[in-house]
1. Over segment 1-134, one equal point on each Cα, no solvent: what is log10 I(q)/I(0) by the Debye formula at q = 0.10, 0.12, 0.20 Å⁻¹?
2. Using the alpha carbons of segment 159-204, what is the convex hull volume per residue in cubic angstrom, as a whole number?
3. Dividing the alpha-carbon radius of gyration of segment 175-224 by 2.2 N^0.38 Å (N being the number of residues), what value is obtained?
4. How large is Rg over Rh for the chain, taking Rg from the Cα atoms and Rh as the Kirkwood inverse mean of 1/r across Cα pairs?
5. If I take R0 = 22 Å and measure r between the Cβ atoms of Asp136 and Glu89 in this structure, what FRET efficiency does the formula 1/(1 + (r/R0)^6) give, to the nearest 0.05?
6. Taking other Cβ within 10 Å of each residue's Cβ, how do Ile144, Ile105, Ile110 sort, fewest first?
7. Name the longest site-free stretch of the chain, where the excluded sites are trypsin sites (Lys or Arg not before Pro) in a DSSP loop with no more than 12 other beta-carbon atoms within 10 Å.
8. Over the Cα atoms of segment 20-83, Rg to Rh with Kirkwood Rh, two decimal places?
Amino acid sequence: AAENLRRTERIQALGELTGGVAHEFNNLLMVIRANAEMVLAHAGGEAAAHAAEIVQAVDRGRNLTDGLLSFARRQPLNPVRVPLDAAVEDIQRLAAPLLGVAVEIAAPPILAGAAVMADRTQLQNALLNLLINARDAMPDGGRITITAGPGPEPGQCHIAVADTGTGMSPAILEKACEPFFTTKDQGKGTGLGLSMVAGFARQSGGDFLLASRPGAGTTATIRLRGTSGDGPPGAAADADGAGKED
Ligand code: ADP
């Protein structure tokens, strides 16, 4: 337990440091981008081509700093009542074009009325991270199954993303949720995906579980507080059309 606490503290400290650096870095990137765009607008030929390269590199850099900022949780969470069936439908639609034809995505029917209290956007981001990891683990194609519903504990709901991919060795599984741990090629992985998912789950009053078997696949489960009512006052104001009851 003491070991776990030290680890949590270390990760928190790292988060604060990272957030600060990412913020400053973002500002610098904006200055670089604005100047490169000026060059792009006024110069022609080879200089313009180089300026365009700079703009592109800056945009890649901003992807990274955005990831760092959400890892460090500079954005506050806005928990609302999110019906699980709508959340899963949304993410299926959103992710479909990213996943590729060889990856089949299935979601068995979800108990109508099951809902969690969570920040809707952050939940979608978390699920997107899990789907991208699942796809990356299945270079030769496979099946992703999204399940969601009440439990396992009373008052809880879960959303699980299971894949039929490579799975993880025990050594990788142990490190997978650490910030900056990645086994992906440079430029492909930041190692922040799962640490963001775990951070989001914890900050929402839930947790995140990862189960994996080498050669068989991986199941990633987000557990959140369930809600049967309409959520706290004000939650109903977040009507962006994603929550539909049937
Ligand atoms: P990234 O995806 O940028 O590498 P993550 O934190 O999302 O960062 O994942 C860390 C590592 O955990 C991955 O590089 C990979 O080795 C492993 N991993 C995550 N999800 C899966 C999965 N579904 N199947 C196999 N390995 C996974």
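No lab work stands behind these numbers, since they all come straight from the coordinates. As the structure is a computational prediction, the values presented were derived from the model and not from experiment. Cβ placement follows ideal geometry from the backbone for every residue including glycine, while neighbour counts extend to all protein chains displayed.
1. Taking Cα atoms of segment 1-134 as identical point scatterers yields -0.56, -0.76, -1.12.
2. Details: hull volume 4.4 nm³, N = 46.
Once divided by residue count, the hull of segment 159-204 is 95 Å³.
3. Details: Rg = 11.8 Å, N = 50, 2.2 N^0.38 = 9.7 Å.
Cα Rg divided by the expected 2.2 N^0.38 Å: 1.21.
4. Values: Rg = 20.0 Å, Rh = 19.7 Å.
Across the chain, the Cα-based Rg/Rh ratio is 1.01.
5. Numbers: r = 23 Å, r/R0 = 1.05.
That pair, Asp136 with Glu89, gives E of 0.45.
6. Working: Ile144 24, Ile105 18, Ile110 21.
Ascending Cβ contact count within 10 Å gives the list Ile105, Ile110, Ile144.
7. Numbers: sites that count: Lys184, Lys188, Lys244.
Formally, the longest exposed-site-free interval is 1-183.
8. Values: Rg = 16.2 Å, Rh = 13.4 Å.
Checking Rg against Rh, the ratio lands at 1.20.
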